[in-house]
1. Is any residue of the range 167-192 close enough, with backbone N under 17 Å, to a label point placed 7 angstrom from the Cα of LEU218 along the Cα-Cβ axis, and if so, which?
2. Given THR96, TYR78, LEU14, which one lies farthest toward the positive end of the charge dipole of the chain, if we put +1 on the Cβ of every Lys and Arg and -1 on the Cβ of every Asp and Glu?
3. Mind giving me the nanometre distance, one decimal, between the label points for ALA155 and GLU252, set 7 Å out from Cα along Cα→Cβ?
4. Treating the beta-carbon of each Lys and Arg as +1 and of each Asp and Glu as -1, no other charges, what is the dipole magnitude of the chain about its Cα centre, to the nearest 20 debye?
5. Longest span of the chain, sites excluded, free of GluC sites (Glu not before Pro) in DSSP loop with at most 11 other C-beta atoms within 10 Å?
6. Counting Lys and Arg as +1 and Asp and Glu as -1, what is the net charge of the other residues whose Cβ lies under 12 Å from the Cβ of PRO121?
7. Identify which of PRO91, PRO54, PRO121 has the largest mean-square fluctuation in a Gaussian network model of the chain, with springs joining Cα atoms closer than 10 Å.
8. Give me the dipole magnitude in Debye, nearest 20, for the range 55-165 about the Cα centre, with unit charges on the beta carbon: positive for Lys and Arg, negative for Asp and Glu.
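Readers should treat all values here as calculations from the given coordinates under stated rules, not as data from a laboratory. What you are looking at is a predicted structure, and each value in this text was computed from that prediction instead of being measured. For neighbour counting, all protein chains shown are included, and Cβ atoms are generated from backbone atoms with ideal geometry for every residue, glycine included.
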Amino acid sequence: MARSLPMTTVHEVLAHNTATRSENAMHHDDVARRYGFRGGLVPGVDVYAYLTHPPAQRWGSAWLERGRMQGRFLKPVYDGEVVQVLAADGPGESLTLEVRDGAGDLCATGAASLPEQAAPPPDPGAWPLVGQPDPGDRPPAGPETLAAGTPLGLAPHRFSSAAADGYLREVRETLPLYADAGVAHPGWLLRDANAVLWKSVRMGPWIHVGSDAQHLGLVRDGDLVSCRATVTREWERKGHRFVELDVLHLAEDRPVARVTHTAIHTPRAG
């Protein structure tokens, strides 16, 4: 068991695999086992959602408006496991975060902070505006289709606070903040960063490995939300092919988050 940092358990979660019927078969038990896992993986975007509980509890809506968050996924979390989300105070207004499974093994790390001043919103014009392809027209993921500089897009869709109640239950979120204020959870937005990838290219089983987010504003009930993204890197390491995206999240054409999103788009054959 890895040695724990001096942290305090802030949140305990009965993990839930929300993606057993998704296109990404890495969340299906039979496919995940062929890649050496015990079963289908709980999505990284949902483990990220678990990590957001302590900073949202600490700083409330101010963090959702201008906070920062980083998440790295090191070891699978499985459906039905009780995991602990731990937090320790860092310098200034910051938290160091971990997710550990029942055996005490480190599954994810994170860091969150609340800057005194909001980051200046980026110009959406810096991201090319491209449409989302029809599902059958998506090219296969690869070094050519995900070359650095490739623009990607996610079609506009509406955020509904009422419908988001189901999402909050899925990620075991217990804070009243989101329902009371009628605003989107950061993990809900991160699902869009995933979607801008898998709705743009055709992939087999794939793995989300990390995200860094700068919050820029709130997504409120009824907002029309969309994404623009640019591929910043595509590379091979230890037989895996990785991709990194620079994703701008918009609500009614207003920047609400900027995310560096990293995934293994083609895992090494088992």
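1. So the set is 175-189.
2. In the chain, that residue is TYR78.
3. Spacing of the two 7 Å Cα→Cβ label points: 2.3 nm.
4. On the way: 27 positive and 32 negative charges, 143 e Å.
For this selection, approximately 680 debye.
5. On the way: sites that count: GLU116, GLU144.
In short, 145-270.
6. Once positives and negatives cancel, what remains is 0.
7. Per the Cα network of the chain with a 10 Å cutoff, PRO91 tops the list.
8. Details: 8 positive and 14 negative charges, 26 e Å.
It comes to approximately 120 debye.
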